[in-house]
Amino acid sequence: MIGRVLAAVLAATSATTGAMAPPVAAPRATGPWSPTLDDPVLADLLVRAELGSLDIRMALARLEKARADVDLVRAGRRPHLTIGVEAAAGGADVSSSSAGAGAPVLGGYEVDLFHRLRHGLDAAKSDEVAALQDAAAARQLVLAEVARTYVTLRADQEHRAAAMVRADLARRVEVLTRSRGLEGSARDEDLTSARWAGVLADAEVQRAVRAVEVDRLRLGLLLGSDEPVDEPGYVGDEIPVTPVTAAVSSEMVQRRPDIQAAFARLRAADLRRAEAVAASRPRFLLTAGIGSGDPDLLYLLDVRALAWTIAGGLTHELLDGGAAKARKRGAAAEADLAELAYRKAVGEAWGQARLNLAKLQDAANAEALAGKTWTREARAFGTGQMRHQDGDIDGVAMAALEAKAADADVALTDAQAVRAQAYVDLLLTLGGQAT
């Protein structure tokens with residue numbers, strides 16, 4: 001049941017990992033994978049994780065901050081208008097005085113001659129795209145971890161059920177050994193060994209019970225709660241086959257949100273390098289005012305008061321102590337660092353994809369071998385039942401055959417869980433899709 005949903009656990013994220021498209025929506029999907037979910041428990045956990053996961057909420061908060069930064073930079077490209085009240089008193093000497101007051105309205109606008117403001121805005125937009133992809137990556141990680149932990153929970157439920165079977169078998173063997181001892185066909189050492197086996201079996205039950213509790217608590221934490229989730233009902237065979245994946249392509253790796261985020265940061269760094277270059281060039285400002293008393297304008301126009309003003313100014317800092325050069329060097333270094341980070345992310349992602357594909361194939365082979373072993377032990381147990389009915393073997397031998405069958409069943413469950421989790425890891429490596 002779980003396996004049929006693992007292929008779709010991360011599928012929704014692919015809609016949010018397109019290359020460099022302007023963000024138009026939050027990375028949280030509306031549930032395009034829902035029609036393929038056959039496990040209602042896992043489906044509910046995934047929805048609750050999207051709503052409650054602290055990691056996802058933190059990523060969305062960083063996305064909101066990036067969007068606010070875009071608005072802040074965009075505001076610098078628009079005209080500004082300031083209104084105020086000013087008053088002054090003074091005199092040419094101590095025996096005379098005069099006073100005045102006004103309510104100036106001042107406006108200003110910077111003409112973006114060398115595209116400094118445009119580069120800054122485009123860089124902020126690229127940072128927003130990176131934050132969007134970071135949120136998508138956080139969502140993928142959380143959903144993948146929920147799926148892994150859910151598979152572990154189902155496997156631990158099988159371990160607990162098998163441990164209870166083995167504990168019951170140990171008690172039966174102890175009773176049979178005691179009876180054989182009374183008949184003189186068993187030694188005291190045999191009874192001691194049977195009792196010790198029962199102690200070990202009971203300890204295994206307790207360990208398996210605690211493992212299930214840990215899985216429930218882990219799922220609760222992934223869902224943003226400090227309380228464990230309710231334990232789902234268990235009927236056995238909860239980890240079915242996942243789709244077969246024989247190869248991966250580089251295009252799948254390129255769709256990963258962390259790769260898209262690294263590329264967006266590379267583009268933002270290139271734009272900030274261009275912004276630093278433009279910032280070292282002259283700036284042209286337009287200003288206008290009503291009731292302005294700007295002393296520089298009064299001096300320039302050789303008047304004592306102005307009812308209105310319109311002015312333009314071209315400014316350039318001739319000596320800045322090397323600040324502009326340092327800013328350009330810093331921006332260039334940031335761009336080089338972003339390029340290296342992007343190349344590193346792509347290389348590691350491709351390597352992870354091949355390694356995880358190999359792990360999945362190894363897990364599938366191990367599962368097939370475990371399945372054959374289980375079939376052999378199950379057949380041996382069935383044969384043993386018939387021989388027991390015919391009186392050819394006693395109850396102790398029959399319990400040993402049943403224990404071997406239970407161990408083989410647990411081994412098969414473990415192999416299935418490893419395969420399912422390897423498939424989730426591969427999905428995560430490929431950005432949510434294996435095809």
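Kindly give the semi-axes, whole Å and largest first, of the ellipsoid equivalent to the stretch 130-247, taking each as the square root of 5 times a Cα gyration tensor eigenvalue.
Details: eigenvalues 397, 50, 22 Å².
Gyration-tensor ellipsoid for the stretch 130-247: 45, 16, 10 Å.
How long, wide and thick is the stretch 323-370, going by the Cα atoms along their three principal axes, in whole angstroms, largest first?
Principal extents (largest minus smallest coordinate, Cα): 68, 11, 5 Å.
Could you pull out every one of the aspartates and glutamates with an alpha carbon less than 17 Å from that of LYS328, ignoring same-chain neighbours closer than 8 positions?
Partners within reach: ASP270, GLU275, GLU317, ASP320, ASP336, GLU339.
How large are Rg and Dmax for the stretch 231-271 when calculated on the C-alpha trace, in angstrom?
Reported Rg and Dmax, both Å: 19.4, 58.
Among SER53, SER225, SER97, what's the order by accessible area (1.4 angstrom probe), most exposed first?
SER97, SER225, SER53
So which GluC sites (Glu not before Pro) in the stretch 162-258 are both in a DSSP loop and have at most 10 other Cβ atoms within 10 Å of their Cβ?
For GluC sites (Glu not before Pro) across the stretch 162-258 that sit outside H, G, I, E and B with at most 10 neighbouring Cβ atoms in 10 Å, the list reads GLU183.
Beyond 32 Å between alpha-carbons counts as too far, so tell me which of LYS125/LYS359; LYS65/LYS359; LYS359/LYS404 fall in that bin.
Violating the 32 Å limit, Cα to Cα: LYS125/LYS359; LYS65/LYS359.
Using a 1.4 Å probe on the protein heavy atoms only, what accessible surface does GLU402 show? Give it in Å² to the nearest 10.
Its heavy atoms expose roughly 50 Å² to the probe.
Under 15 Å from the Cα of LYS372, which aspartates and glutamates turn up, not counting those fewer than eight places away in the same chain?
Straight-line reach from LYS372, under 15 Å: ASP407, ASP409, ASP414.
Counting only protein chains, not ligands or nucleic acids, how are ILE239, ILE393 ordered by accessible area (probe 1.4 Å), most first?
Descending order: ILE393, ILE239.
For a quick check of understanding: with a 1.4 angstrom probe and all protein chains in place, what accessible area in square angstrom does HIS115 have, to the nearest ten?
Its accessible surface works out to 80 Å², give or take rounding.
At a probe radius of 1.4 Å, what is the per-residue accessible area of PHE381, in Å² to the nearest 10?
Approximately 40 Å² of PHE381 is accessible to the 1.4 Å probe.
Please provide three numbers in whole Å: the alpha-carbon extents of the stretch 327-435 along the principal axes, with the largest listed first.
Reported extents, whole Å, longest axis first: 91, 25, 16.
The values are calculated or read from the model by the stated rules, or taken from the named source; none is laboratory data. Here the structure is a predicted model, which is why all the values come from computation and not from measurement. Because the Cβ atoms are built from the backbone with ideal geometry, glycine has one as well, and the counts that use them run over all protein chains shown. Note: areas computed on protein heavy atoms with side chains; ligands, DNA, RNA excluded. Shrake-Rupley method; radii C 1.70, N 1.55, O 1.52, S 1.80 Å.
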